[in-house]
Structure formats: structure tokens, C-alpha cells
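Visitor: First the structure, then my questions, so here it is.
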Amino acid sequence: MSSLEYIGFDVHKKTITFCAKTGDGQIVDEGKIAARRGDLNAWAKARSRPWMGAMEATLFTGWIYDLLRPQAEALKVAHPAMLRAITASKKKNDRVDARKIADFAALQSATECYMAPSQTRELRRILRYRNLVVREATRMKNRIAGLLMETGTPYNKGRLHGKAYFAELLGTLQETPASVRELLRLSRGQVDLFENIQSRLVKELVGDPELAERVERLRSIEGVGPILALTWVLEIGEVKRFTSIRQAQSYCIP
């Protein structure tokens, strides 16, 4: 398709710098777009020629990719290692980077980042947030134990985080400084909040029909629980993108 343009996007929080080139590398258009859905959508709809695009993998890539992909012939997310090699230059600015990324868009054999379907990325975000909530709950539980140890207060480690035992324990702390009792109540309230949030998130994830079959299959393996199964499904994404078990194993090794 001789009229096809190759567009590079240099993405930032507030602006997106773009450069459109022909197949032979001639610049036909470049400029800057506000990083807002309305502005970006209007820009894409105003393009008079079909185009293929490429962008960096950043915090902002997901929503931009989802918005532009239906309006492009193809849209690539550049693998960081490949992009570093292409943009290696002493002269660097947004315009120069957009031009280099446009060159990447034209490469037929370029290494790209895998972009999972938007629904998978949404559920993955929920799972990762759930993991954050669990870490915060654990931190607060440790802080509760720390406050008790600081003040020489005996407690049953195995029962400490049970609601009934904790309420009973608080009633015996008349000689403990009032500030510590207040901090214990605050910490316990945070633990309850975190646990309620994580319970709702897991319920939402497990109940998703898109995940149900794969999660059920994985849970048939001895020792695999719902969180491990969900983690595998959502972090791996589409299994068909791997050509072998070894390749999938390699993806899981940091």
C-alpha cells in the first residue's frame, strides 16, 4: 500500500509528540497532541491516509493503545531494548524520538512488547492491586505486634489478628499508654479495611466468566489455589503466543 504512513508516538503524561513518515523515510507530518482522549481521537479521525504506528512502553501506553488501535492498520508497542538501540543518539528530544519511533513502525521484523487484550489488562490491574492490599495488611499486622512488644504487653501470637481476641486484648490494656491503644485501634481498622477490599477484589476476579474455565483447569492441579491460578492466567495472557513450554517458563523467570 503505497499511501501507507508510519507514525511514531513519543508519549508523555500531558502531551504526545508524533511524526508521520512515508515508506522511504520522508517526513510528511509531525506535531504535538494533548494527551487527552478527545484530542487524540479527533487527531486520529482526521488522518487522511491509512497508517501504522508505534509507541514506547510507558505507564500511559495502555489507554492510548486501546484508543488508537481500532483506527490504525497496525499499532506496535516497542520493546524497550529494541527502542534503546534505535533511539541511541546524543541528540535527543521529543521530536527526534518520535522520528526514530516512526522508523520502528516501519520495521517488519521489529521486536514488540506483547499487549494483552484490554479485558485481561483490566483484570490484571485488579489482581496486582489486590497483592498491594495484602502487603499493606501484612505491614499493619506487623505494626500491631510491634506496638505490643514495645510496651511489654503479652499476647497470643496465633490469635492476635482474630477480631474477638483483639477486642478482648484491648480491654486489658488499661496500663498501656492511651496513644498506643489508639494506634492499635487505628491499625486494626486498617487491617479490616484492607481485608474487606481484597476479599471483594478476589470475588470479582474469580467470578469473571472469561477466566472461569482456565482457573478451574489450573486449580485441578494439586497445590494450586485461586490466587496462584489467577496470577498465571492474567500474567501469562494468551497462551497461544508461546510456541513451547520452555518459552513460557522463560517468560516467568525475571
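The values are calculated or read from the model by the stated rules, or taken from the named source; none is laboratory data. Since the model is a prediction, treat every value here as computed from it, not as a measurement. Cβ sites come from the backbone with ideal geometry, for glycine too, and all protein chains shown count toward neighbours. Only protein heavy atoms, including side chains, enter the accessible area calculation; ligands, DNA and RNA are left aside. Shrake-Rupley method; radii C 1.70, N 1.55, O 1.52, S 1.80 Å.
Visitor: Quick one: how many residues across segment 132-147 are in contact with a helix residue (DSSP H, G or I) (Cβ under 6 Å, 6 or more places away or on another chain), of a type in the set (A, V, I, L, M) and farther than 11 Å from Gln198 by Cα?
Guide: 3
Visitor: Among (1) at negative phi; (2) within 31 Å of the chain's Cα centre (by Cα), which single condition is Gly237 missing?
Guide: (1)
Visitor: Condition check: open to solvent by 30 Å² or more (accessible area, probe 1.4 Å) and within 30 Å of Gln119 (Cβ to Cβ). Does Asn131 satisfy that?
Guide: yes
Visitor: Do you know which residues across segment 56-79 are open to solvent by less than 50 Å² (accessible area, probe 1.4 Å) and either at positive phi or among the charged types (D, E, K, R) (or both)?
Guide: Glu56, Lys76
Visitor: For residues that are open to solvent by less than 40 Å² (accessible area, probe 1.4 Å), of a type outside the set (Gly, Ala, Ser) and assigned to a strand (DSSP E or B), tally how many sit in segment 8-55.
Guide: 12
Visitor: For segment 132-173, which positions are part of a helix (DSSP H, G or I) and among the charged types (D, E, K, R)?
Guide: Arg135, Glu136, Arg139, Lys141, Arg143, Glu150, Lys163, Glu168
Yes or no, residue by residue, for (1) in contact (Cβ under 8 Å) with a residue 40 or more places away in the chain; (2) open to solvent by 60 Å² or more (accessible area, probe 1.4 Å); (3) under 35 Å from the mean Cα position of the chain (by Cα):
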site: Thr151; (1), (2), (3): no, no, no
site: Tyr155; (1), (2), (3): no, yes, no
site: Lys163; (1), (2), (3): no, yes, yes
site: Glu175; (1), (2), (3): no, yes, no
site: Asn196; (1), (2), (3): no, yes, yes
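Visitor: Okay, next question. Which of the residues belonging to segment 94-132 are in contact (Cβ under 8 Å) with a residue 24 or more places away in the chain and among the β-branched types (Val, Ile, Thr)?
Guide: Within segment 94-132, Ile101, Thr111, Thr120, Ile126 meet the criteria.
Visitor: Turning to a different aspect of this structure: Is there a residue being surrounded by 13 or more Cβ atoms within 10 Å (Cβ to Cβ), without any contact (Cβ under 8 Å) to a residue 12 or more places away in the chain and not hydroxyl-bearing (Ser, Thr, Tyr) anywhere in segment 203-219?
Guide: yes
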